[in-house]
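Below is one structure; the comments refer to it alone.
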Amino acid sequence: MAGINYFTDHPASEGETYGEHFAVAMGFSRQLIGAGIAAAVHAILPNFHTTTASKRIHQLHHCLESGDREAIKKPGQFVVPCQEELSRAS
């Protein structure tokens, strides 16, 4: 039974099933990979993506702090999650 707890204890502590937690974690990963790619492009071409990576990181942080985990896992979303909420919070 210890093996099952390995996959369920942490997700349960977040109020999620394993599948729900997987979706949030993969969405977060996808967003961070996108931010990393934007930062790499910016490193090579400084006039491109001047604020993309930092905005995405701030917005992901806001999503986590506000508890809007659903916004993080939405696939095919080309806008950064919680963009409206972060604009209002600024």
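Structure summary
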{"item": "Subset of the range 37-62 (residues that are in a loop (DSSP other than H, G, I, E, B) and either surrounded by 14 or more Cβ atoms within 10 Å (Cβ to Cβ) or touching a Phe, Trp or Tyr at 6+ places or on another chain (Cβ under 7 Å) (or both))", "result": "HIS49"}
{"item": "Where a residue in the range 21-32 is closer than 9 Å to ILE72 by Cβ and its partner, wherever it lies, is at pLDDT 90 or above and not in a helix (DSSP H, G or I), with Cβ under 6 Å and at least six apart", "result": "none"}
{"item": "Options ALA89, ALA39; residue that is among the small types (Gly, Ala, Ser), in contact with a helix residue (DSSP H, G or I) (Cβ under 8 Å, 6 or more places away or on another chain) and at pLDDT below 85", "result": "ALA89"}
{"item": "Residue count, the range 2-24 (criterion: in a helix (DSSP H, G or I) and buried (at least 17 other Cβ atoms within 10 Å of the Cβ))", "result": "4"}
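To keep it simple, each residue is scored yes or no on (1) at pLDDT 80 or above; (2) touching a Pro at 6+ places or on another chain (Cβ under 8 Å); (3) of a type in the set (A, V, I, L, M).
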site	(1), (2), (3)
GLY15	yes, no, no
GLY19	yes, no, no
ILE72	no, yes, yes
GLU85	no, no, no
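The values are calculated or read from the model by the stated rules, or taken from the named source; none is laboratory data. These figures come from a predicted structure and were not determined experimentally. Because the Cβ atoms are built from the backbone with ideal geometry, glycine has one as well, and the counts that use them run over all protein chains shown.
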